[in-house]
Amino acid sequence: RPLTQEEIAHRRELAKQRHAEKLAANQGKEMTGKPQRENSSLVTGNTGDRRGEEQQPTGQAETMTSKAMKQEADNKESFIAFARVFSGVVQRGQKIFVLGPKYDPAESLHKLSSECSPTNDLPLIPHMTCCTLENLYLLMGRELEDLEEVPAGNVLGIGGLQDFVLKSATLSTSAACPPFTPLSFEATPIVRVAVEPKHPSDMPQLVRGMKLLNQADPCVQVLIQETGEHVLVTAGEVHLQRCLDDLKQRFAKVEISVSAPIIPFRETITRPPKVDMVNEEIGKQQKVAVIHQTREDQNKIPEGIQVDPDGLITVSTPNKQATLSVRAVPLPEEVTRLLEENSDLIRTMEQLNTSLNEDKKNHEINQRTLDRIKEFKQKLEQNLQGRKWRNAVDQIWSFGPRKCGPNILLHNFEGYKRSVWQCLGNTVKEVSKYRDFDNSIVSGFQLATLSGPMCEEPLMGVCFTVEKWDMCKAGEMLSAAGQNSGECDTTEHEQDEDAALTSSRTGEVCSSNEQQDSSQSAPKSPEKVSKQKGESSLADCYGPFSGQLIATMKEACRYALQTKPQRLMAAMYTCEIMTTAEVLGRVYAVLSKREGRVLQEEMKEGTDVFIIKAVLPVAESFGFADEIRKRTSGLASPQLVFSHWEIISSDPFWVPTTEEEYLHFGEKADSENQARKYMNAVRKRKGLYVEEKIVEHAEKQRTLSRNK
């Protein structure tokens, strides 16, 4: 039944009384023993410290007191898990399984006994631990009320789980319980900064603080890059500032220095444009003598690399034992989006293919996963149609970068049949000459897609096709030598000993012949050894053959990209702004200044409030919220959420080539090119060469007429 007003007032008085008693007890503790802790086991030791303090001077006593109070404040910081009970009753002191989001009961139950419970000693199982529920709390605004048990359907706080749960987990008394899917958030982490302590001795506190921040914030990502930098990846400018403040004041409690925000870009290629920068149809204008531009383009590609007019690049390995021909083609937008959405499924396919290649029979493929892979293949076939993409899906060799990205590698040469669809039962045992070095080609493709030629950013939406892979006889002998080096040596020695011996004889016969004719072969052996040394040094002066293939494939992919029109892709926010009609013009001015684009504008019925939907580059979003509030006197407030990647239409390498472009842009064409500005900023940050003129004419400007 609902409480009456008298009962509510009585309970309020009781709560106030309990609160006052708590405050009085805390003040009493502070007055009696300053360094004393809440933990009773530490009281005896602290009383001894207090006796010693009485004999110390006042200054030292004050410093000891401040240290003790600081430590006490540190101890008050604790994590409370926010949970909901779906079935049963949760009790304090109960032992329970903690199941991570990646826990799979189908793989783990056979390792556990039938009478398994959290109280027994458990074997080591990934993504599963056991813990005891120490404290249960009722979340009452700012206050926490202790509870003994909580029935199903209620929301509660659980203390003491910080050592067992990273972001989210499922608690169950049964190990057969499938875990809930992890929480998905609309905000995607996109803005990253590098963090380091101002004093190097504070590095352990910073690392510990970043671990705590990673636990406390479900949207943040904490990484350590290959360079050793500690990186925070956040959802936006406001979220970044909040994370840095928490790191300084709550978790690490040290002074930190933060790099400028690192905005990610992607590199891609497009189809050749049909109109130029002044909207004239290409091919019908009068060309001006800009021969230096074409010469510069030709000079970019070094000697020894053949470039066909249609963009096919042919490169040989340094030792001339193999030749590769690679072509780069832009992928349709639907395919790129499909690859991005199914990156987890592609990663699963790669793991299954690896286990099949290694002949691991114990890895059973889930039927649901197989159905998802078949559906993914059908969608790819639907989107890759036309003469250009005939049989392209069956020829997919790998995805990249990191074998799960939005780029594709195809093989279109004879004698090779391996593809990524082996897990569907299309396993083909390769017996061709390419089987030993195909991983080198894939590795070169992965390296090329991980860092593109413009500013070493990952590629997106590019398809590379290997149209020719020729290996000369020496290269085939290298691959054969990698497998049967011992057999080859014995047969060669056998042929040198006696020309009458046939190749069908076994190694035992060879060894007997060697013993018989040892006197004849003695004078030949020094020449033979020197000849073998010369051949090996010729092969080894460029390094291992597999390494040469990796470098050659990477080089071929890069030059294939440079033969096509290159573009940068920027990360974009969707921006939703609520504003009134009076300041609508100022909102549009701020958006256009920051390269934003309005998609939709509608008026809320019954009010004078407009809702504007726009897209804004992440690189231009810093200070956007503050500026729009200042310009509109606080009447407009934006909401930014990461949406997609978008191609920047301007060419970063563009120079005027026609008479119309010369008239419009001038000879230097030094008006600001947005894509070039972004590209140079990334190259400067990474320490790469930037082609720009600081001072063109170092002459002092002077007036001809004398100042009067």
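Beyond 27 Å in Cα-Cα separation lie the following of the pairs K388/K613; K554/K684; K198/K593; K564/K684; K468/K554: K388/K613; K198/K593. Each of W645, W469 has its accessible area taken with a 1.4 Å probe; listed largest first, they run W645, W469.
Taking only the Cα atoms of the range 191-261, the ratio Rg/Rh comes out at 0.91, with Rh defined as the Kirkwood radius. For T227 and F82, the difference between the fully extended length at 0.36 nm per residue and the C-alpha to C-alpha distance is 48.6 nm. The fraction of accessible area contributed by carbon and sulfur in the range 80-172 is 51 percent, rounded to a whole number (1.4 Å probe; ligands and nucleic acids excluded).
Computed on the range 191-261, with alpha-carbon pairs under 8 angstrom and 6+ residues apart, the relative contact order is 50 percent. Using a cutoff of 8 angstrom between alpha carbon atoms and counting only pairs six or more residues apart, the relative contact order for the range 567-650 works out to 49 percent. Among 558-564, 201-207, 16-22, the peptide with the highest mean count of other Cβ atoms within 10 Å heads the list, and the full ranking is 558-564, 201-207, 16-22.
Taking 0.36 nm per residue of sequence separation and removing the Cα-Cα distance, the K677/F185 pair yields an extension gain of 173.9 nm. Ranking T465, T657 from most to least accessible surface, computed with a 1.4 Å probe over the protein chains only, gives T657, T465.
Across the range 638-657, the residues whose backbone nitrogen lies under 17 Å from the label position 7 Å along the beta-carbon direction of Y689 are 653. Protection proxy ranking, highest mean first, for peptides 352-358, 157-163, 401-407: 401-407, 157-163, 352-358, where packing is the per-residue count of other beta-carbon atoms within 10 Å, averaged. If R0 equals 56 Å, the separation of the Cβ atoms of E143 and V609 corresponds to a calculated FRET efficiency of about 0.90. State, to one decimal in nm, how far the label point of K248 lies from the label point of K167, with both points 7 Å from Cα in the Cβ direction. If labels sit at K248 and K167, their model points lie 2.7 nm apart.
Legend: residue pairs K274/K677; K379/K403; K95/K211, Cα-Cα distance threshold 21 Å; pairs beyond threshold, K274/K677; K95/K211.
The values are calculated or read from the model by the stated rules, or taken from the named source; none is laboratory data. For clarity, every value in this text was computed on a predicted model and none was experimentally measured. So basically every Cβ, Gly included, is an ideal-geometry build from the backbone, and we count neighbours across all protein chains shown. These area figures cover heavy atoms from the full protein model, side chains too; ligands, DNA and RNA do not enter into them. Shrake-Rupley method; radii C 1.70, N 1.55, O 1.52, S 1.80 Å.
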